[in-house]
Each structure stands twice: as C-alpha cells, then as structure tokens.
Amino acid sequence: MSPNLQTNQQEKPFVIELWEEDKQPGGYFTPAAAMHLTSSLRTSGLLRELSPDDLKSLVYLLTFVSPEGHCQPFLSQLCEAMRVSSAKAKARMRRLCEVRWKGEPLVVYSKSSSGLSAYSLNPRVVTYRYREQQGSQPSPDVPYHAAPREAIIEYSRQHYANPRAEVERLVARQLGQDVDESDEERKLRYRLENAGLTSEQAKELLATYPLDTIAQQLDWLPYRNAKNPAGYLIAAIEGNYSEPRAVRHERLFRELRYGELQMHGDDAQSDEPDAEVYDEPDRTELPDVGAVIAAQTVNLPLPDDNADNDGPDDNVEDNPGPQ
C-alpha cells in the first residue's frame with residue numbers, strides 16, 4: 001500500500017493509482033498505474049467470503065492493470081496466465097461474477113467490439129486516485145501543445161500494440177487451432193474430427209503415425225461398414241489394416257477392364273482414328289467378371305492368422321478398436 005494514500009478514505013476494497021512518468025517539456029508523458037488493496041477488503045468480509053480458488057483467480061485478474069488504469073483482461077489472456085482451458089477459466093470467472101460486495105458484483109463480464117470475452121473489476125468497487133508529484137503542474141512559461149494524431153498513433157503502436165504475428169497466433173488459439181501444424185495436418189485433423197474423434201485423439205494420431213497412413217485409412221473408412229466408425233478408424237490406423245474387400249474387388253475389376261480395353265485396342269486396325277481404338281467393346285465378348293475376380297482372389301496370399309495388421313472389413317465387432 002502506498003504511504004501517500006489516505007487510509008481513512010479507503011472505503012472500497014481496491015484503489016487504482018495513476019501518475020505520469022518521463023514528463024517532457026512539451027507536456028508529453030508516459031502514463032502509469034498500480035493496483036492497491038485497502039483494509040476494506042478484510043473489514044467488509046469480502047476476503048473471508050472468497051474461497052482460496054476464487055481469491056487466486058481474483059489475484060490473476062488484478063495483475064492485468066494497464067498503464068491507463070484499466071483492468072479488463074480477455075478470456076484468452078486469463079487462460080494463458082492460469083495455464084488452464086477456456087472452459088475452466090470461464091467457470092472460475094463466472095464464480096467471481098457471483099460474488100457481491102455491498103450488493104454489487106465484484107467482477108463483470110463484457111464483450112469487446114470484436115466479440116472477444118473479457119472480465120473486469122466492477123467500477124463500483126474501485127477508487128481511482130491521481131498521485132501528486134513534485135513539479136506536476138505545467139510551467140506557465142511552457143505552453144501546452146497537443147501531439148498530432150499521427151504521433152499519437154505511432155506512439156501507441158510502439159508501446160501498446162501487439163505484433164501482428166502474436167495477434168494471429170492468439171486468434172488461432174482462440175479458434176482451437178494448433179498454430180504449429182501444417183496445412184496437411186490441419187486438413188487431416190478436420191477429417192478425423194468429422195469421423196467422430198475428439199481433438200485430442202486426432203492430434204495424438206497425427207503426432208504418432210505417418211500422414212499418408214492416416215489419409216489412406218480415412219479414404220477406406222466408408223467401405224468398412226463399421227458400427228463404430230471412430231473406434232474402428234483408430235484401430236485401423238494403429239494396426240495398419242489392409243484395404244477392404246470392396247476396394248480390392250473394385251481394383252481388380254478396373255485392372256481386368258483396363259486389360260480387356262488394351263487387348264481390344266491392339267486388335268484394332270492402324271488406319272482407324274485413335275479415339276475409336278478405345279471404344280468400349282461389346283459386353284457379350286467380355287468374360288464373366290465375377291468369375292475372374294473370384295479366381296484372382298483365390299490366388300491372393302492369405303493373411304497370417306497371428307497377424308493384427310489385416311483388420312476385419314465388414315463387421316467391426318471382430319475388431320472393435322478403442323471406444
């Protein structure tokens with residue numbers, strides 16, 4: 001508590017003291033402010049009413065006094081200072097908003113013009129005082145000159161504005177984005193979350209397994225016929241499951257069809273236009289596709305019964321994966 005504050009007038013629990021620093025002959029100065037606690041915080045019973053957690057949250061709030069005397073931190077700033085999530089910080093501030101001092105709320109909630117949530121001390125519980133300094137009165141021989149608009153803007157940008165990169169990282173963090181992830185990782189994270197995974201599960205998979213493996217399993221997921229898509233997808237990525245039967249049959253069909261078209265093109269006369277070489281052959285001349293696929297499927301190597309990397313294709317109950 002500053003000795004030059006009169007304690008017999010401290011009826012409110014908080015006092016914000018304002019003064020000027022680095023005064024220049026032209027009347028320019030740097031604003032400064034400090035927060036003071038008064039005995040009313042104890043004698044009014046407010047300190048006794050606050051729980052240890054609420055008192056800690058209040059102290060966090062009081063440390064955001066600006067040089068102009070404002071105490072109104074954004075929710076994102078409180079989250080970063082407390083090292084907690086946005087939901088936890090909001091819950092702590094909501095409890096402070098319910099605390100009353102002489103019928104007045106201790107903390108009030110507001111939203112900035114940009115839509116950001118902010119919390120501030122109720123002006124009715126704060127006293128503002130100006131510190132008297134030696135030589136604070138301007139000399140009559142030195143006229144007061146207001147700084148031009150450009151000088152004020154430039155000074156504010158240098159002393160109070162945050163760098164653009166820092167602001168962009170802050171906005172990205174408020175939107176729940178990882179500022180260090182690449183565009184490919186961000187797209188895969190969105191796809192994983194749309195498949196039913198939580199943000200924490202998606203980030204863990206992206207940090208553990210190759211991106212091409214995750215993308216491949218996401219592409220195959222619609223063919224799995226899984227009852228629990230999220231759990232199956234996690235198991236498929238962790239076990240590196242092979243392609244589903246539907247995808248394998250479709251691939252074999254395309255290979256067979258492409259081979260028949262190539263054979264038809266080789267038999268075509270050389271004087272025919274190129275566009276006619278790849279005309280679709282008569283379907284009656286094609287062999288039974290299902291029989292060919294079945295024959296090729298029989299010749300495929302069978303998976304090892306002890307291996308886990310070839311997960312079930314049609315029924316997730318055989319390998320449900322984590323829930």
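A few comments on the model shown:
- Subset of the stretch 9-26 that is part of a loop (DSSP other than H, G, I, E, B) and surrounded by fewer than 14 Cβ atoms within 10 Å (Cβ to Cβ) - its residue that is nearest to the chain's Cα centre (by Cα): 22
- Of all residues in the stretch 86-108 being in a loop (DSSP other than H, G, I, E, B) and out of contact with any Asp or Glu (no Cβ under 8 Å at 6 or more places or on another chain), the one that is surrounded by the most Cβ atoms within 10 Å (Cβ to Cβ): 106
- Some residue of the stretch 129-139 being at pLDDT 80 or above, surrounded by 13 or more Cβ atoms within 10 Å (Cβ to Cβ), under 36 Å from the mean Cα position of the chain (by Cα) and in the same structural domain as residue 66 (by TED's automatic domain parsing): no
- The set of residues from the stretch 206-228 being at pLDDT below 90 and surrounded by 18 or more Cβ atoms within 10 Å (Cβ to Cβ) comprises 206, 224, 226.
- Test: residue 46 is surrounded by 14 or more Cβ atoms within 10 Å (Cβ to Cβ), over 14 Å from residue 16 (Cα atoms) and at pLDDT below 90: yes
- For the stretch 109-127, residues that are surrounded by 13 or more Cβ atoms within 10 Å (Cβ to Cβ) and over 17 Å from residue 36 (Cα atoms) total 5.
- Some residue of the stretch 61-78 being farther than 20 Å from residue 16 by Cα, surrounded by fewer than 19 Cβ atoms within 10 Å (Cβ to Cβ) and charged (D, E, K, R): no
The values are calculated or read from the model by the stated rules, or taken from the named source; none is laboratory data. If you're wondering where the values come from, they're calculated on a predicted model, not measured in any experiment. Neighbour counts run over all protein chains shown; Cβ positions are idealised from the backbone, glycine included.
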